[in-house]
Every structure is written in structure tokens, then in C-alpha cells.
Ligand code: OXD
Ligand code: MN
């Protein structure tokens, strides 16, 4: 498919190492995809679902021990440990190569190696970056065909260029003890072995579009972030774009596909999704920050997705979707997961493929079960989704899950203070996760597991970017998760979050006032529209409470930030230490 010497030489080496029986290039054609689906169905790797109810949809089950990203087995192998920093796992590249080579050796005997040329972003975009993933999994191929732009057009676009990200994935034995997800940023290389779970093996996503891309972005002067991108259309047709970073399990996909509450929908407000997980941001010719979603699909968490929480996501999964680790309804050959509806199937297999009794209290779908669905099938996909120039960003929003500390929304004083707010991001563990409830996990910019170099240098890069962007977006923080004395969420969330986003855009436009506080600019309660929220218990008094700032809690939080800065170590920029000191002074 190509004469590119660098590509062919690299693939040749991997063929010698892994020793597959066959090598197949992925061309991106419908015919090839169909043939691969059939082959995977014949071996049981995927199950063809009811094509009348779910056209083009399939079910896959991973191994029991292979259901999530493995942060403790994820490495950044830069030449020196200092370049990877104190937050990442690091190993000497030569040592890691030796270890990996031993694992890859003959790993594809009896198997086929698929060569997937793919692009993060549409190939014609100035943001686009090309990768080639070698894998022995058809499941990976079928997912990559949804999540990226893949096939012949990509290898044609690469031409003779040697600038591509190499990715080698071998399922091997799915052995946890020898599972590695390794990045060699200086070699433009990602290696994954002994896993078949999406986040570990769809190498375009977290591995490339965040870890390797953040490293490249640092070198090249742009940002690769764990952010959704959405557009808010006003009744006059104007659209304003916001990007937002939240840790996993804070509802990024739900916010990205938000449905305006009735009172706004009636007036003509609309929300358009550009992306739900990753944003690449560059300074545009107009001096603003422009963003693209480098992905082509959604790899969303299934449980909890339903007609109320996220109808757009649900409709997106009605065709051309791969479901992973959900319940298989044997009566009608469809799928189900906890939180889809109140009617669990009575004749069904659980995510492990065992007969499931929905009355015995066990979960049928794995809590991290997923759908891989095409962005273009999303009812609210933005018409700018395929715009090679991206969209201009008016506001960056950070957030987390904080029961008490953070108010519903506040605005940072300026860019550097905004970077401080991002660096101080944290989320509290919930009862849904193992371990103690309410434990604060610091997750700067929601990038804790995704920065491909030293966290301190990453923060410094944010500060530098602020100096370079002539018209930077304003930076905000939101918290949908404050709880009352009974531990119940106070704010209704979901579609009603639009009310908060509109305050944010009002601040950007300069049409709404704010009150200065030690943490930043707070809304005046009357400036957030709560009309229609009476039944949700939101009165002006409750809203005032949601906007209140408890200085003692923030003093404690500042201690947590300092502790994390110390862990990051001496690469923590002086500017952030100054921001922290200034914050403490404002609190006293
Ligand atoms: C994801 C994650 O899968 O952040 O998007 O874990
Ligand atoms: Mn994510």
C-alpha cells in the first residue's frame, strides 16, 4: 500500500520480532471491514447483534482480568527519569525495550498482524498527526476504524514522510503480570502487550492523542488536553465554544451532549457536541485558541447512560457500534446495562458470558463496560466536527467532584490564576468505587494519568502558552456535585448545567457582573437563571448556598495542593507556588 521506506523498514522489523503468519493492511474500505467482522464472528471474538434493532452493532467481551486502563503498568520511558517526572512510572528505555522485545518475540505465531494507518484529526487538518498501529486483534481494528480516520487515505497523506507515531500491540496471553503500556516519546513509539481492553490497546486515544501528543505539544507550542468541546447556539444563531476538563466519572460525555432544559429549548438554544474526551488546541491566525477533537468516535461508559441522562449518546449507539462487556439479552439479541432502564432482561448472559440472574443482586454489565460509536451518528454532533480549522474556544472549564469545597462555578482572575485552578483540580472518590468515600485525589487538568512528560514542565508549558495567546479564553471552575446534609446532590445537573455555562459565556461577553472572592469571581445568585427549578428544590437561598465559600475548607485544600506540588518537585513552576501563596494570603 506504500513505498514509504521508514514505514516499511519499521514494519519489517516488527514482523521479524512478532513472527505473524500473515500481514494484512487495513485500507478503510467497507468490504474489508465487513470481511473482518465476519471473521471475528466466526471465531467468537465478537457477536453479531440483532441487525434490525441494532444495525451494524456487535458485542465483545474482554478477559475477566482486563477491564480497565492500568495506570500502574503504564510507563513513560524518556532518556532520563527527570524528563518523565515524579508522577509518571519511568524505566530506562534500553531496559524496557529488552523486556518488551522478550515479550513480543514470536507473539504472533499463528496469528495475523494488521497494519492500521490512522490519523488523529481529518487528514487535511493542520492539526492532524498520523500513526500506524500494528495489532493482532480484529477487535482493535474494528474499534480503530470507528475512533480514528483510518486506511489508505492516511498512508497516501503520509507519502514519504518518516514522521508518524509507531504503535505495536500484541494481545499475547492477556497476562496481568506481564501487561505493559509503554510510551517512548523520544522515539515516537507506543508499545502495548498482554491487554485487549480499549484504553490500553486503541493506541490512538489515550496513548497517542494525550500522552505522546502532550509531549509533542510541549515541543511544538500547542496543547493536548483531556477535554470535551461543545458549542452553545443562541437563539440568534451565534455559536460559542467551550472546552472542559473533568476527571473520569464526572460526566464529560453527558455534558458534551447536553440537552437544553425546556425553557431554553423553547427560546431556540441548542447545544452541539464537537468532542467528549480529547481536545487539541492551537493558537489561530486571529490570536484566539482553536480546538479540534482528534477522535472520530466515542468510547463511552455504558452503565448509567439512558434516555434521561444522555439521550444523544444512547441514540448514537443505535447503529455501527461495538459494545464491550455489557449484558447480552438472549431473547432479542440486543444489549443491556445497569441504569439503561428498569427492565433488566430475564434471559441473558452477563459481561463474562455466563447466564445472568437479574434478581440475584449481581451486576450484569461491568461498571466500566463501553460503547464504541461513530461521532457522525450523534444527533447533536456539531457541523464543525469535521472542520479542519477547528472551533474558537471562548472559555476553558475545569471541574471535579467536590462534596463541599468548590462552589457551583467561579471564574479565575486571569490566565495564570486559571492555570493554578487547573493544577489544583481534584475529585473525591464516591461510594461507587472501592476504598474510602470522600478521599481527595488530585488530578491536575484531569491529566494525572495522561501527561507524557514531567508534570511540572507541563504546568510551565500552560503558563508559557498564556504569554503566547493574544486573546486567550477565560478560565472557570465548576462543581456539579455539592451535597447537602443528607449527602444528596443539591444541583440537578445534566441539562440544567446549561444555566451555568450561560453565566460563563456572559462573563466572557462582559454582559454579566461578578463578586470578587478569595478563590476568584463568583456569580451574583440572581445572575444564574433558576426559573423552572422549583421542583428540584433550587431556590435563590439554595443557590446562594451552592455559591458559598468556606475559607477553612479552602485552607485545607491549599495544603493538599502544596503537598502535590512537593510531590511533583522542583519542576513545579515558581509562578504556581506564587499563585498558591497569594491564594493563602487572600484566605487570611
Ligand atoms: C476514558 C477515561 O476512558 O478517561 O475516557 O478513562
Ligand atoms: Mn477520558
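The values are calculated or read from the model by the stated rules, or taken from the named source; none is laboratory data. Small disclaimer: the values here were computed from a predicted structure and weren't measured. Virtual Cβ from ideal backbone geometry, glycine too; neighbours counted across all protein chains shown.
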Practice problem: Go through region 286-322 and give me each residue that's in a loop (DSSP other than H, G, I, E, B) and within 16 Å of ligand 2 (Cβ to nearest atom). | Solution: 293, 294, 295, 296, 302, 303, 304, 305, 310
Self-check item: Matching residues, region 92-106, being part of a loop (DSSP other than H, G, I, E, B) and in contact with a helix residue (DSSP H, G or I) (Cβ under 8 Å, 6 or more places away or on another chain)
Solution: 105, 106
Quiz item: Somewhere in region 236-256, is a residue on the phi > 0 side of the Ramachandran plot, in the same structural domain as residue 502 (by TED's automatic domain parsing), more than 16 Å from ligand 1 (Cβ to nearest atom) and at pLDDT 95 or above?
Solution: yes
Self-check item: Lone unmet requirement of (1) part of a loop (DSSP other than H, G, I, E, B); (2) assigned by TED's automatic domain parsing to the domain that holds residue 216; (3) farther than 28 Å from residue 189 by Cα for residue 31
Solution: (1)
Quiz item: Does residue 413 qualify as being touching a helix residue (DSSP H, G or I) at 6+ places or on another chain (Cβ under 8 Å) and under 16 Å from residue 504 (Cβ atoms)?
Solution: no
Self-check item: Residue among 351, 415, 356 that is touching a strand residue (DSSP E or B) at 6+ places or on another chain (Cβ under 8 Å), at pLDDT 95 or above and under 30 Å from residue 474 (Cα atoms)
Solution: 415
Self-check item: Output for region 444-461, where each listed residue is surrounded by 22 or more Cβ atoms within 10 Å (Cβ to Cβ) and within 16 Å of ligand 1 (Cβ to nearest atom)
Solution: 444, 445, 446, 447, 450, 451, 452
Quiz prompt | Output for region 355-399, where each listed residue is out of contact with any helix residue (DSSP H, G or I) (no Cβ under 9 Å at 6 or more places or on another chain), farther than 26 Å from residue 345 by Cα and part of a strand (DSSP E or B) | solution = 391, 392, 393
Practice problem: Quickly run through region 459-502 and pick out the residues that are out of contact with any helix residue (DSSP H, G or I) (no Cβ under 7 Å at 6 or more places or on another chain), assigned to a strand (DSSP E or B) and either within 21 Å of residue 519 (Cα to Cα) or in contact (Cβ under 8 Å) with a residue 24 or more places away in the chain (or both). | Solution: 471, 483
Quiz item: Can we say residue 93 is under 28 Å from the mean Cα position of the chain (by Cα), loosely packed, with under 15 Cβ neighbours inside 10 Å and more than 16 Å from ligand 2 (Cβ to nearest atom)?
Solution: no
Quiz item: Among the residues of region 240-279, which ones are over 19 Å from residue 376 (Cα atoms), assigned to a strand (DSSP E or B) and within 16 Å of ligand 2 (Cβ to nearest atom)?
Solution: 243, 244, 245
Quiz item: What do you reckon, is residue 371 closer than 15 Å to residue 47 by Cα, in contact with a strand residue (DSSP E or B) (Cβ under 9 Å, 6 or more places away or on another chain) and either surrounded by 24 or more Cβ atoms within 10 Å (Cβ to Cβ) or modelled with pLDDT of 95 or more (or both)?
Solution: yes
Practice problem: Name every residue in region 204-226 that is more than 11 Å from ligand 1 (Cβ to nearest atom) and either within 13 Å of the chain's Cα centre (by Cα) or at pLDDT below 95 (or both), in order of residue number. | Solution: 204, 207, 208, 211, 224, 225
Quiz item: Counting only residues that are within 14 Å of ligand 1 (Cβ to nearest atom) and surrounded by 15 or more Cβ atoms within 10 Å (Cβ to Cβ), how many does region 63-72 have?
Solution: 4
Practice problem: Among the residues of region 290-328, write down those that are away from ligand 1 (no atom under 16 Å from the Cβ), crowded, with 24+ Cβ neighbours inside 10 Å and within 20 Å of residue 398 (Cα to Cα). | Solution: 291, 292
Quiz item: Is there any pair linking a residue in region 280-294 that is more than 19 Å from residue 475 (Cβ to Cβ) to one that is not in a strand (DSSP E or B), with Cβ under 6 Å and at least six apart or on different chains, and which?
Solution: 292/121; 292/127; 292/390; 294/121; 294/209; 294/278
